[in-house]
Structure formats: structure tokens, C-alpha cells
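Visitor: Take a look at this one; I'll ask things after.
The values are calculated or read from the model by the stated rules, or taken from the named source; none is laboratory data. Everything numeric in this text was worked out from a predicted model, so none of it was measured. Cβ atoms come from the backbone with ideal geometry, glycine included; neighbour counts cover every protein chain shown.
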Amino acid sequence: MELRDHPHTLWGLLTLPGIGFLLLWLVSGNDSMGRSGTSFLLHQTGEMSARMIVVAMAISPMRHILPSSDFWLWMRRRRRYFGVAAFGYALLHTALYLADMGSSDAVLAEVALPGIWTGWIAFTLLVPLALTSNDAMLFRMGRHWRRLQRLTYPAAIATLAHWLLIHDGAAAALVHFGLLAALQVLRLLKTQKPKEI
Amino acid sequence: MTRSMIAMMLLSLSATGAQATGRFQCEATDRATWLSETQVAEKLTAAGWQVSHMKEDGGCWEVYGTDPENRRVEAYLHPVSGDVQLVSQRGTIIFDIRNAN
């Protein structure tokens, strides 16, 4: 119980796959095997980042759906961990991409492709969210903090667009974000109910 | 409600298992007549491509690599002739044999 509630336990759990990805990146190197290794890692880090966004954004709707759940209250108190993890995996994803492309010319040559610029927008939107996800910024920004954190919604939409455009087959993207969309709809229905009575 | 949603998610997951991605479908061919991975890679390399890796998809060879213009692409090749059928760069189709003729 104490272990579960220690903040470092959750940090460790959320970081663990990232350590695995980093090690894989190191061992796969730059040979011809390295390229297929990189494309595997690009896929995994991107999906992990999207998954963290979905988890972070599912917490609030779940609190409305199951108001007396201790688990979702616990999750609510640690929501920023998932947001920062989403940024961490997006950062690793972007670093892998840049290393794979090898030059700024190559990166710029494909920046206008829809599958690419949606990714850059998603990543850019996550930067201010991650930079302000610490206690000091939360305290200093006051009510502006909540407004800034609403950037999560366009970031999630850009992430979904990036995933749909760049990946063959929409199934995995739609499973992740379809579930989140369903939760958001349920929350809206739930929060609007009292007005009808 | 939550339970039916989880059931829906599992259903959609199982329905989308090992399936062709549907980006391109090559004509039906006898697997025994297919070019080997090495032959495909040699043919493309000779034409100025860099081949990273490949897999079967939709009855084609789906090759990941770099085209002669140095673009990171995914190409669908006819498994017997080795002719390029479709090329997509980061999800944007830049060559489609059905529109090329």
C-alpha cells in the first residue's frame, strides 16, 4: 500500500518501457538491421505517447462515471504523471525520427506532408503542457494553469490525425481514441443531467 | 456501461488482428513464383533505392526504404515481376500504378 502510494513507484512504472526502448535503440545501432529496429521503435514510442494521452484524458470522465471510486481519485491526483510521460515518449519518438532522418534538409523536405506536420503540431502542443506540469508552475499560474492545460484537447486531436495519416490501418488509433471519445460523451451526458431535472 | 464498452473494444481488437492493411492489393499469384527478398532488394538497389526491410502485404512485397529521390517511403511491389505498384511517403501516396498509365 505504501509502495503503491509512493510517487516514485508510478514514475518508475511509467519510465520502465522508455528504458527498454532506449536500450533497444542503443543495441540496434545504425546498420541495416538498425533501420528496421528504428521503425519498430518509432511505432512503439508513438503509440506509448498516445496511450498516455488517452489515460490522462480518461481520468476526468472516469471520475464522473465512477465518483466514489478510490482508484480514479488516486489516478486524478497523479494525472500530471501521465501527461509528462506522454511528453517523454513523444520526445523519444521525435529524437528517433530526427536521428533516423539524419539531416535537417531531409526533415524539412517532408515537413509539409500531412502525416508529418500533424505530428510536429502534436509535439509542439505538448511542450508547454510538460513545462508547466510541476508544482511550482501550477502554483504560480493559478487559474491560467487550467486554461493552458486545455491545450491537451488539440494535442490529442493532432496526435490522432498524425496516427491515422501515417500508419497503415486505422484500427489501433480508433480503438484508443474511440474509447476516449466514448468516455467524453458519457461525461457530457452525466454533467448535463442535473439541468434536465 | 463500462463492461459493454470493454467488450466492444475487445471485439474490435480481435476483428482487426492479422489482416492486410488494405493499402494495396496485388493480383493473385502462386507463392512459388515469387521473387525472393534478396532478388527484390537487388532489383531496387540497382534502380537507386535503399532497402531497409520488407514484408508481405496484400499479396505484394511491401518494402520499406528510401527511393532514388532520397524520400523515406513504403513501396508495394508485384511479387512476381517486381514492378513498383504503389509508393507512399509518410502516408501520402506519391505513386500509384493505377493512375500512372
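Visitor: Here are some residues: A:Leu165, A:Leu131, A:Leu160, A:Leu151. Which one is surrounded by 14 or more Cβ atoms within 10 Å (Cβ to Cβ) and without any contact (Cβ under 8 Å) to a residue 40 or more places away in the chain? Steps first, please.
Guide: Numbers: A:Leu165 fails: without any contact (Cβ under 8 Å) to a residue 40 or more places away in the chain; A:Leu131 fails: surrounded by 14 or more Cβ atoms within 10 Å (Cβ to Cβ); A:Leu160 fails: without any contact (Cβ under 8 Å) to a residue 40 or more places away in the chain.
So the residue among A:Leu165, A:Leu131, A:Leu160, A:Leu151 that is surrounded by 14 or more Cβ atoms within 10 Å (Cβ to Cβ) and without any contact (Cβ under 8 Å) to a residue 40 or more places away in the chain is A:Leu151.
Visitor: Here's another thing I want to ask about it. I'm trying to understand the selection: among the residues of segment B:19-30, which are surrounded by fewer than 19 Cβ atoms within 10 Å (Cβ to Cβ) and either touching a residue at least 24 places away in the same chain (Cβ under 8 Å) or acidic (Asp, Glu) (or both)?
Guide: B:Ala20, B:Thr21, B:Gly22, B:Arg23, B:Gln25, B:Glu27, B:Ala28, B:Thr29, B:Asp30
Visitor: Could you tell me how many of the residues in segment B:79-90 are in contact with a helix residue (DSSP H, G or I) (Cβ under 9 Å, 6 or more places away or on another chain) and under 19 Å from B:Gln39 (Cβ atoms)?
Guide: 6
Visitor: Follow-up. Working carefully through the options B:Arg71, B:Arg90, find the one that is touching a residue at least 12 places away in the same chain (Cβ under 8 Å), within 14 Å of chain A (Cβ to nearest Cβ), surrounded by fewer than 19 Cβ atoms within 10 Å (Cβ to Cβ) and charged (D, E, K, R).
Guide: Working: B:Arg90 fails: surrounded by fewer than 19 Cβ atoms within 10 Å (Cβ to Cβ).
The match here is B:Arg71.
Visitor: Now for a separate question. Cβ-Cβ under 6 Å, sequence separation 6+ or interchain: first residue in segment A:93-116 and more than 10 Å from every other protein chain (Cβ to nearest Cβ) and buried (at least 16 other Cβ atoms within 10 Å of the Cβ), partner of a type in the set (Phe, Trp, Tyr) and part of a helix (DSSP H, G or I). Which pairs?
Guide: From residues that are more than 10 Å from every other protein chain (Cβ to nearest Cβ) and buried (at least 16 other Cβ atoms within 10 Å of the Cβ), the pairs are A:Thr94/A:Phe123.
Visitor: Conditions first: (1) farther than 23 Å from A:Thr15 by Cβ; (2) surrounded by fewer than 15 Cβ atoms within 10 Å (Cβ to Cβ). A:Arg77 passes all but one, so which condition is the exception?
Guide: Unmet for A:Arg77, out of (1) farther than 23 Å from A:Thr15 by Cβ; (2) surrounded by fewer than 15 Cβ atoms within 10 Å (Cβ to Cβ): (1).
Visitor: Against the definition (within 22 Å of A:Ala58 (Cβ to Cβ), in a helix (DSSP H, G or I) and at pLDDT 95 or above), how does A:Ala182 come out, yes or no? Talk me through it step by step, then tell me what you get.
Guide: On the way: within 22 Å of A:Ala58 (Cβ to Cβ): yes; in a helix (DSSP H, G or I): yes; at pLDDT 95 or above: no.
Criteria not met by A:Ala182.
Visitor: Count, please, the residues in segment A:26-64 that happen to be part of a helix (DSSP H, G or I), surrounded by fewer than 19 Cβ atoms within 10 Å (Cβ to Cβ) and modelled with pLDDT under 90.
Guide: Qualifying residue count, segment A:26-64: 9.
Visitor: Okay, moving on. For A:Gly169, are the conditions met, namely being at positive phi and either assigned to a helix (DSSP H, G or I) or out of contact with any helix residue (DSSP H, G or I) (no Cβ under 9 Å at 6 or more places or on another chain) (or both)?
Guide: On the way: at positive phi: yes; either assigned to a helix (DSSP H, G or I) or out of contact with any helix residue (DSSP H, G or I) (no Cβ under 9 Å at 6 or more places or on another chain) (or both): yes.
When the stated conditions are applied, A:Gly169 passes them.
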